[in-house]
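The values are calculated or read from the model by the stated rules, or taken from the named source; none is laboratory data. Given the structure is predicted, the values throughout are model-derived calculations rather than measurements. Here the Cβ positions follow ideal geometry from the backbone for every residue, glycine too, while neighbour counts run over all protein chains shown. Quick note on the areas: whole protein, heavy atoms, side chains included, nothing else; ligands and nucleic acids left out. Shrake-Rupley method; radii C 1.70, N 1.55, O 1.52, S 1.80 Å.
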Amino acid sequence: MTYDYLIVGGGIVGISTAWQLVRRYPDKQIMVVEKESHFAGHQTGHNSGVIHAGVYYQPGSLKADFCRRGNEATINFCQEHDIAYEQCGKLLVATDQNEYTLMEKLFERAGENRIEAEWLNREQLNQREPNISGLGAFFVPRTGIVDYCKVTDKMAELFKHHGGRVKLGCEVLGLEENDNGIRVHTSLEDIDTRYLITCSGLMADRLVKMLGIRPDFQIIPFRGEYFKLPPEKSNIINHLIYPIPDPEMPFLGVHLTRMIDGTVTVGPNAVLGFKREGYKKTDVSFHDIKEMAMFSGFWKVMRQNLKAGLSEFKNSIFKSGYLELVQKYCPQVKLSDLTPYPAGVRAQAVAEDGTLIHDFLFVNTQRTFHVCNAPSPAATSAIPIGEYIIDRAAEIFE
């Protein structure tokens, strides 16, 4: 048979899109293919579980709009389907005068993005968080925590309930597009579809290349390493604790995160990965390394961020350097408290000129639509992102 829509990718963005697509077009034949044996196997299942409020993002950007709406949509979804979540709120803490100045600008941006935030002086910070040190902070009450694997699984369940079909363990190996549709060559079988939507995360650029398109960007993997605090320190914080981020970097710095299961994680850092889906320091793919080395944008971004990259790499090797980042605002954390926790890998789109692409990036043909960069907070924003993808695809496919 020929499907009306085929969606590649079983992370939260792909499943959110599929779930909303089958609700909008209940008479269409829709299938999701995912190369892993389960959903949310990569970025969705290896993130910090935060329901972001949208403080950081450029006002008017897709990220700012998606995150603000996604925060509300995610919480509503959890409430409707009885998924555990908690709006514990987040504190952004300034530990020196430079960070304090940056914090003032960030507080203004929160207002521009219509995000509720409360300014705290040093005394007010100490009252809220006795174990946190800083010159001041601001509190974002709408930030929450959830298990995004459970959110994804529920969306997949709803997708199947409405007639959607799923093939797990089904890797896409090639794509052929013609005027009538697309033939998708997979590890299980060839599948014909009228239209194709890909939400393939770490493999996004490779799916585009399968259509003979030369993208002007490449996915560069950055591994985010986490630690976990021991159970006796699980009450060391009352909220999520974030440092003031470096405005030149797309990452938010090492933070303390309360997880929905009651544990507290420390992280992540951001070190170059030597394998796109490599979660251990020892994971290496010579194919992935060769591909990076042949991409001019890789060398440019490495050169532009050499100092920061070396610092992150050093802290990855020496746990004491990682600890210093945490002790700036939480001196009670000791080296022995940093116990192992699974890492994540972020799919960072990099342009040919070495620019880190911060916002969402899409590529399309007559019958295909590709999500090529879905940066954090994509998990928070998955519901409005899915809606946007469907709207854009409908315009293109007409």
Identity of the residue in segment 73-119, touching a strand residue (DSSP E or B) at 6+ places or on another chain (Cβ under 9 Å) and polar (S, T, N, Q), that ends up most open to solvent (accessible area, probe 1.4 Å):
GLN79
So is PRO340 touching a strand residue (DSSP E or B) at 6+ places or on another chain (Cβ under 9 Å), open to solvent by 10 Å² or more (accessible area, probe 1.4 Å) and farther than 30 Å from GLY174 by Cβ or not?
yes
Give me the pairs, please: first residue somewhere in segment 331-349 and closer than 18 Å to ALA40 by Cα, second residue anywhere and open to solvent by 10 Å² or more (accessible area, probe 1.4 Å) and part of a loop (DSSP other than H, G, I, E, B), beta-carbon distance under 6 Å, and either six or more positions apart or on two chains.
ALA343/TYR279; GLY344/ASN47
Are any residues in segment 99-140 under 24 Å from the mean Cα position of the chain (by Cα), of a type in the set (Val, Ile, Thr) and not in a loop (DSSP other than H, G, I, E, B), and if so, which ones?
VAL140
From the list LEU211, LEU188, exactly one residue is more than 20 Å from HIS370 (Cα to Cα) and in contact with a strand residue (DSSP E or B) (Cβ under 7 Å, 6 or more places away or on another chain). Which is it?
LEU188
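Tell me, which residue of segment 363-398 that is open to solvent by less than 40 Å² (accessible area, probe 1.4 Å) and assigned to a strand (DSSP E or B) is farthest from ALA64 (Cα to Cα)?
THR368
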Which members of segment 29-45 meet the condition of being surrounded by 21 or more Cβ atoms within 10 Å (Cβ to Cβ) and either under 16 Å from the mean Cα position of the chain (by Cα) or small (Gly, Ala, Ser) (or both)?
PHE39, ALA40, HIS42, GLN43, THR44
Six or more apart or on different chains, Cβ atoms under 6 Å: show the pairs whose first residue is in segment 168-197 and among the basic types (Lys, Arg) and whose second is open to solvent by 20 Å² or more (accessible area, probe 1.4 Å).
ARG183/GLU176; ARG183/ASP190; ARG183/ASP192; ARG194/ASP4
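Rundown of residues vs (1) touching a residue at least 60 places away in the same chain (Cβ under 8 Å); (2) exposed (fewer than 13 other Cβ atoms within 10 Å of the Cβ); (3) at negative phi, yes/no style:
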| residue | (1), (2), (3) |
| --- | --- |
| GLY262 | no, yes, no |
| ALA270 | yes, no, yes |
| PHE274 | no, no, yes |
| ASP283 | no, no, yes |
| PHE286 | no, yes, yes |
| VAL301 | yes, no, yes |
| LEU306 | no, yes, yes |
| GLU324 | no, yes, yes |
| GLN327 | no, no, yes |
Looking at segment 141-155, can you tell me whether even one residue there is outside any helix (DSSP H, G or I), touching a strand residue (DSSP E or B) at 6+ places or on another chain (Cβ under 9 Å) and either more than 21 Å from PRO375 (Cα to Cα) or of a type in the set (Asp, Glu) (or both)?
yes
